[in-house]
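Have a look at the structure below before the remarks.
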Amino acid sequence: MPNAVLAPVTPDSIAQAASLLQEGRLVAFPTETVYGLGANALDDKAVAAVFAAKGRPNFNPLIVHVHAASALDQLVVWNDTARLLAEHFWPGPLTLVLPRAPECSVSLLASAGLDTLAVRVPSHPVAQRLLAEACLPIAAPSANRSGSLSPTTPIHVAESLGDKVDMILAGGKCAVGVESTVLDLSGAMPTLLRPGAITREMLEPLIGKVATGLDSSEQPKSPGQLLSHYAPDLPLRMNAMAAEKDESYLTFGPDMGLHGGALRLNLSESGDLEEAAANLFAYLRQLDKPGLKGIAVAPIPETGLGIAINDRLRRAAAPRS
Ligand code: TXA
Ligand code: MG
């Protein structure tokens, strides 16, 4: 039974959440992408508690969140590309991987032994107020059990981690709905480790060519690239032009010509990829019903946010290890 307090957002609940974080406790909070499971990034015990709560392998590093780029000066080594992108896209759904500064006080656990740190300034007003009040860097992975679907509502958090967090700040549905773009700026060439709402087409005019680390058959640089991530319980198949009668069916755009499905949901009837991304994880949860054989998903265009949507669907469709 979920027993964490689902706290409506008020000045008092934000103040309480900030003090809990300062005491080393865990607080789930909304960001514009998905809900995060926050902990004081300077506190080894608090960061260890995040890994334990999620059942997350400790080789998978965490993103550190701050209220403004200036709060990162002692934590990472800036470069010109990073500054430019921070000016353009922060606050917003972009995570930058940068070398840890020599004096960086963030728990080494958060970096999972790497000499880099992933950092981001979220734009959600509740995240902004919480980070400003806590006045700490906050390590926050998505607030779900490791390997399962990311939460886009406070109820999703309560269902999967309700007994593991001290407080859930209930700030409604997340507007973007897929996790932030992760861009590695610690090497010779900017490398996209996870596609998100800040697309390659938005990055390249500013910083030139962006490599993609996504298709690499080598050891993934970002453990979030591991296949079979973000998975529902039922098997999922993509590019389905029809569904069986014992499958649920996730469609996109006008339904003409798409047949079948015991249960159907449309990500966006008008074919809007932003609306589709915002609905993606909530709809996959609703279609993940015991008794059915699988989830069929109609084709999603591989452009703009469709690239991030298809990335998450491919991982959900991958064989489980
Ligand atoms: O939108 C988001 O990014 C959400 C919200 C809460 O901010 N957070 C999120 O965190 O999705 P998480 O832990 O679920 O995903 C973090 C991703 C993982 O794929 C991880 O491997 C990668 O970022 N990552 C973190 N630190 C890294 C590093 N130092 N080098 C490379 N990849 C890193
Ligand atoms: Mg995650």
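The values are calculated or read from the model by the stated rules, or taken from the named source; none is laboratory data. As the structure is a prediction and not an experimental result, all values here were calculated from the model. FYI the Cβ positions are ideal-geometry reconstructions off the backbone, even for glycines, and counts take in every protein chain you see. Surface accessibility is based on the protein's heavy atoms, side chains included, excluding ligands, DNA and RNA. Shrake-Rupley method; radii C 1.70, N 1.55, O 1.52, S 1.80 Å.
Residue-level check: of (1) of a type in the set (Ser, Thr, Tyr); (2) farther than 22 Å from Arg194 by Cβ; (3) within 10 Å of ligand 1 (Cβ to nearest atom), Ser105 misses just (3). Does region 128-155 hold any residues that are within 16 Å of ligand 2 (Cβ to nearest atom), open to solvent by less than 20 Å² (accessible area, probe 1.4 Å) and under 15 Å from Pro30 (Cα atoms), and which are they? Listed by number, the residues that qualify are Ile138, Ala139, Ala140, Pro141, Ala143, Asn144, Ser150, Pro151, Thr152. Just a yes or no: is a residue in region 95-118 closer than 27 Å to Gly177 by Cβ and open to solvent by 30 Å² or more (accessible area, probe 1.4 Å)? Within region 95-118 (the criterion being closer than 27 Å to Gly177 by Cβ and open to solvent by 30 Å² or more (accessible area, probe 1.4 Å)), the answer is no, since none of the residues qualifies. Screening the candidates Ala39, Ala49, Ala134 for the property of being under 17 Å from the mean Cα position of the chain (by Cα), closer than 27 Å to Phe281 by Cβ and of a type outside the set (Val, Ile, Thr) yields one hit, Ala39. Please verify whether Arg83 is within 16 Å of ligand 2 (Cβ to nearest atom) and open to solvent by 10 Å² or more (accessible area, probe 1.4 Å), treating the condition exactly as stated. It is false that Arg83 is within 16 Å of ligand 2 (Cβ to nearest atom) and open to solvent by 10 Å² or more (accessible area, probe 1.4 Å).
Sub-7 Å Cβ pairs linking a first residue in region 248-261 that is under 14 Å from Ile295 (Cα atoms) and hydroxyl-bearing (Ser, Thr, Tyr) to a second residue that is part of a strand (DSSP E or B) and open to solvent by less than 50 Å² (accessible area, probe 1.4 Å), at least 6 apart or interchain, are Ser248/Ile295; Tyr249/Ala296; Thr251/Asn266, ordered by first then second residue. Of the strands (runs of 3 or more DSSP E) lying entirely inside region 1-101, those containing at least 1 residues that are within 19 Å of Leu136 (Cα to Cα) are 27-29, 36-40, 63-65, 94-99.
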